[in-house]
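First comes the structure, then the notes that go with it.
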Amino acid sequence: MSENTNLRDDGFVIAGSTFHSRLLVGSGKYKDLDETRQATEASGAEIITVAIRRTNIGQNPGEPNLLDVVPPGRYTILPNTAGCYTAEDAVRTCRLARELLDGHKLVKLEVLGDEKTLYPDVTATLEAAETLVKDGFDVMVYTSDDPILAKRLEDTGCCAVMPLAAPIGSGLGIQNKYNLLTIIENASVPVLVDAGVGTASDAAIAMELGCDGVLMNTAIAGAQNPVLMASAMKKAIEAGREAFLAGRIPRKRYASASSPLDGTFF
Amino acid sequence: MQIQLNGESRNIPDHSSAQNLVELLELTGKRLAMEVNREIVPRTTYAQHSLHEGDHIEIVHAIGGG
């Protein structure tokens, strides 16, 4: 930001750590690890989600590892529970992730309810969140855009609430900005839009609503030029945040001239 | 002895430890996590953790995801 900006964006805090990039990115769906690395760098993101899966036994023993291109020393790795349809599987995945990442406590919890929509199973999500918080995890939780549920998850002790903008990977953009606004107004933990963003303007809209950040994967990795889209998203997040801090003008039905009427000579 | 490794049956030498299994699979030094019968086996205890006939073992790592 420029030096004459009164209100500086000093970042946001998740589980005691301050982050300056409000764009969080996933590492899935890239064509190869080199593209993953380039797009991740172009996004400027500090928090990168990863999935936990079975190691391929006996195949390509020398194959490069994701964590070589997004090293935990440089990025905050956010293991997810993608693909889990029960609270038990989600908790198990988080415990494996903690072991994998040397005691790392920050996780992205998602418990899915349905393969077609990938909508969260909110009762199972609540159950898993309670178990994980008791077990000492810092839980960033993916949820629906229901304000009541978002508050319940916060009360459970989640360190960030992450409502969807639209179904995962759909690219439909912000579908219910009024619910998101309510969630943001009610929350005393960071609120991040997670899932459904399609292009840069969607990310800017999320930030203009006052979200603390946006987490996305497909919108970048699925773009024709993922590295360029990562750069676009970075700018959109920054622009949206600055617009939110600047305070937009009220919407009016009719025009308001920008040039003065005094001094006209005609 | 026979174990279930990542969902598939596999024969490994009797009295193997978790450490022996990691070596056998040429995964030494890789960043991974292991579960035996749904319990995490911390990597600091691989050498002491004896495996048994019929154990269900999962070895996982991090891959791209959103």
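Answer yes if at least one residue in region A:215-234 is within 14 Å of the chain's Cα centre (by Cα), part of a loop (DSSP other than H, G, I, E, B) and either within 14 Å of chain B (Cβ to nearest Cβ) or closer than 22 Å to residue A:20 by Cα (or both), and no otherwise.
Yes, region A:215-234 has at least one match.
For region A:138-149, state whether one or more residues are among the β-branched types (Val, Ile, Thr) and open to solvent by 30 Å² or more (accessible area, probe 1.4 Å).
First pass over region A:138-149, keeping only residues among the β-branched types (Val, Ile, Thr): A:139, A:141, A:143, A:148.
Okay, now just the ones that are also open to solvent by 30 Å² or more (accessible area, probe 1.4 Å), so A:148.
Scanning region A:138-149 turns up at least one residue that is among the β-branched types (Val, Ile, Thr) and open to solvent by 30 Å² or more (accessible area, probe 1.4 Å).
Out of all the residues in region B:45-56, is one or more open to solvent by less than 80 Å² (accessible area, probe 1.4 Å), touching a His at 6+ places or on another chain (Cβ under 7 Å) and within 12 Å of chain A (Cβ to nearest Cβ)?
No, region B:45-56 has no match at all.
Out of B:3, B:59, I need the residue that is in contact (Cβ under 8 Å) with a residue 24 or more places away in the chain, in a strand (DSSP E or B) and more than 8 Å from chain A (Cβ to nearest Cβ). Which one?
The match here is B:3.
Could we say that residue A:45 is of a type in the set (Gly, Ala, Ser), surrounded by 22 or more Cβ atoms within 10 Å (Cβ to Cβ) and in a loop (DSSP other than H, G, I, E, B) here?
Yes; evaluated as a whole, the condition is true for this residue.
I'd like the residue in region A:71-88 that is more than 11 Å from chain B (Cβ to nearest Cβ) and under 20 Å from residue B:35 (Cα atoms) and, out of all such residues, is most open to solvent (accessible area, probe 1.4 Å).
Step one: list which residues in region A:71-88 are more than 11 Å from chain B (Cβ to nearest Cβ), which gives A:73-76, A:84-87.
Keeping just the survivors that are under 20 Å from residue B:35 (Cα atoms) gives A:84-87.
Working: A:84: 10, A:85: 85, A:86: 59, A:87: 10 Å².
Selected residue: A:85.
For region A:178-197, check the following and say yes or no: at least one residue is part of a strand (DSSP E or B), of a type outside the set (A, V, I, L, M, F, W, C) and surrounded by 20 or more Cβ atoms within 10 Å (Cβ to Cβ).
In the first step, residues of region A:178-197 are kept if they are part of a strand (DSSP E or B); the result is A:191-194.
Still in the running and of a type outside the set (A, V, I, L, M, F, W, C): A:194.
Right, trim to surrounded by 20 or more Cβ atoms within 10 Å (Cβ to Cβ) and you get A:194.
Checking region A:178-197: at least one residue is part of a strand (DSSP E or B), of a type outside the set (A, V, I, L, M, F, W, C) and surrounded by 20 or more Cβ atoms within 10 Å (Cβ to Cβ).
Just one of the numbered conditions (1) at the interface with chain A (Cβ under 10 Å from one of its Cβ atoms); (2) open to solvent by 10 Å² or more (accessible area, probe 1.4 Å); (3) touching a helix residue (DSSP H, G or I) at 6+ places or on another chain (Cβ under 7 Å) is not true of residue B:41; which one?
(2)
Please verify whether residue A:55 is within 13 Å of another protein chain (Cβ to nearest Cβ) and at pLDDT below 95, treating the condition exactly as stated.
Judged against the criteria, residue A:55 is a match.
Looking at residue A:212, is it in contact with a Leu (Cβ under 7 Å, 6 or more places away or on another chain), touching a residue at least 40 places away in the same chain (Cβ under 8 Å) and open to solvent by 10 Å² or more (accessible area, probe 1.4 Å)?
For residue A:212, the condition - in contact with a Leu (Cβ under 7 Å, 6 or more places away or on another chain), touching a residue at least 40 places away in the same chain (Cβ under 8 Å) and open to solvent by 10 Å² or more (accessible area, probe 1.4 Å) - is met.
Of all residues in region B:6-29 being in a loop (DSSP other than H, G, I, E, B) and loosely packed, with under 14 Cβ neighbours inside 10 Å, which is nearest to the other protein chains (Cβ to nearest Cβ)? Walk me through it before giving the result.
The first filter runs over region B:6-29 and keeps only residues in a loop (DSSP other than H, G, I, E, B), leaving B:6-7, B:12-16, B:25-29.
Checking which are loosely packed, with under 14 Cβ neighbours inside 10 Å leaves us with B:7, B:13-15, B:26, B:28-29.
Values: B:7: 7, B:13: 16, B:14: 20, B:15: 21, B:26: 5, B:28: 10, B:29: 11 Å.
Residue satisfying both the conditions and the ranking: B:26.
Among (1) under 20 Å from residue B:43 (Cβ atoms); (2) modelled with pLDDT of 95 or more, there is one condition residue A:113 misses while meeting the rest; what is its number?
Just one mismatch for residue A:113, condition (1).
From (1) over 19 Å from residue A:21 (Cβ atoms); (2) crowded, with 21+ Cβ neighbours inside 10 Å, pick out the condition that doesn't hold for residue A:207.
(1)
Condition check: open to solvent by 10 Å² or more (accessible area, probe 1.4 Å) and either aromatic (Phe, Trp, Tyr) or farther than 17 Å from residue B:65 by Cα (or both). Does residue A:68 satisfy that?
no
Could you give every pair whose Cβ atoms fall below 6 Å, whose first residue belongs to region A:87-103 and is closer than 19 Å to residue A:142 by Cα and touching a residue at least 40 places away in the same chain (Cβ under 8 Å), and whose second residue is outside any helix (DSSP H, G or I) and open to solvent by 40 Å² or more (accessible area, probe 1.4 Å), counting only separations of at least 6 or pairs across chains?
From residues that are closer than 19 Å to residue A:142 by Cα and touching a residue at least 40 places away in the same chain (Cβ under 8 Å), the pairs are A:95/B:40.
The values are calculated or read from the model by the stated rules, or taken from the named source; none is laboratory data. Not measured: the values here are computed from a predicted model. Glycine also receives a Cβ, built like all others from the backbone with ideal geometry; neighbour counts cover every protein chain displayed. Ligands, DNA and RNA are stripped out before the accessible areas are found, and what is left, the full protein with its side chains, is counted by its heavy atoms. Shrake-Rupley method; radii C 1.70, N 1.55, O 1.52, S 1.80 Å.
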